[in-house]
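Have a look at the structure below before the remarks.
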Amino acid sequence: MPEGNPTVQSQYAKQVDADVERNSREQEHIRSEAAALQAQLEALQKDHELLVSLQATLGTPPVKQAKAAKTATVPRARRTKTSTDTDKRPRKTAKPKTEAKANKTAPPLRELVVAVLARHQEPRSAAEVAQELAQTHPERTQSVTVVRNALEASVAKNQSERSKQQKSVYYSTIKKESAAEEPAAARSTVDA
């Protein structure tokens, strides 16, 4: 073995030891700051409760406080992961809106989108359709992206068609004549 290896290894070991020590000191410093901020927050919350009770005693109207300020806490210190630390937290799944469940008699968005397109002779953009839906159905709030997805679903089901003009995409209903011609054309190619 060359003589330089033990000195390089010892230099790395010294550097790692110094880094570990510096990291430990910094963690302790941050913990002490977090504890001081937590104590300061608790003192402010007690003062607030006292002031609110004084305000109620004096009969002055209370000032609304933001909800986030009531529940503000200092987060816990992160723990370091080890190779044996395999506990995974389950992801939160999006819960369906209760309003959508309650209104089961409302037509699907795809049908509303096709109806909007049918009222107009010229093609419409997704933003225009979304705007008209917001005016005709104010109880249903959809973003332009959701309306675009419904438009694309109607295209997939041959209820409407998509056309591109430069960088813009427009949608229109399929005309009855063209819808009747397509199956006839398909039959003629099968017969031949």
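Every number here is computed from the coordinates shown, using simple stated rules; none is lab data. Bear in mind that the values here come from a model prediction, so they are computed numbers and not experimental data. Reconstructed Cβ throughout: ideal geometry from the backbone, glycine too, with neighbour counts over all protein chains shown.
Between the amide H of SER160 and those of VAL155, ILE174, distances stay under 5 Å, these residues lying 5 or more places away or on another chain, with hydrogens modeled in the peptide plane. How high is the FRET efficiency from ARG119 to GLN40, r the C-beta distance, R0 45 Å, rounded to 0.05? So, using R0 = 45 Å, E works out to roughly 0.15.
Take the Cα of ASP47, step 7 Å toward its Cβ, do the same at ASN158, and the gap between the two points is 7.3 nm. Based on the Cβ-Cβ distance of ARG76 and ARG22, what FRET efficiency does E = 1/(1 + (r/R0)^6) give at R0 = 25 Å, to the nearest 0.05? The value I calculate is 0.65.
Of the peptides 132-143, 39-50, the order by per-residue mean of other Cβ atoms within 10 Å, starting with the highest, comes out as 132-143, 39-50.
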